[in-house]
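The structure appears below as structure tokens.
The values are calculated or read from the model by the stated rules, or taken from the named source; none is laboratory data. As the structure is a prediction and not an experimental result, all values here were calculated from the model. Cβ: placed from backbone, ideal geometry, glycine included. Neighbour counts: every protein chain shown.
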Amino acid sequence: MSDLCGRLHGRREAFARFYIESPTATAAAIAAGYSARSAGNQACRLMALPVVRQRIDELRRQRKEMQDAPDIMFARGCASRVDFELARGRPDIAYKFVELYLASLTPVSSSGTE
């Protein structure tokens with residue numbers, strides 16, 4: 001589904017987001033919550049939808065603009081996945097993404113004398 005502004009919702013949005021990160025459309029479909037058994041067919045169906053292709057193109061443009069700020073992109077990706085997992089009622093998986101993000105943070109060392 002999509003709203004009047006062309007934004008995707010639910011698994012379609014998740015598919016678009018995972019598609020730009022995944023090696024295949026099938027892997028993106030599985031990551032978005034489609035069953036492994038139907039993921040290939042769902043991926044083909046989703047890729048045939050103009051609204052999905054447009055969203056993927058939009059996400060790719062955003063990603064290209066953000067390549068100078070990989071930490072921000074990683075944080076947004078983790079936050080997006082946390083929201084997605086919480087919406088699916090899987091706080092345990094959401095917590096793992098929080099841990100992943102926190103582990104990526106490097107402590108800032110003070111550059112003065114103690």
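A few comments on the model shown:
- The residues on offer are L8, L46, L59, and the sole one that is at pLDDT 95 or above and not polar (S, T, N, Q) is L46.
- Residue selected from the range 24-55 under the condition surrounded by fewer than 18 Cβ atoms within 10 Å (Cβ to Cβ) and not in a helix (DSSP H, G or I), by the criterion nearest to the chain's Cα centre (by Cα): G33
- Complete set of residues in the range 8-18 that are assigned to a helix (DSSP H, G or I) and without any contact (Cβ under 8 Å) to a residue 40 or more places away in the chain: G10, R11, F15, F18
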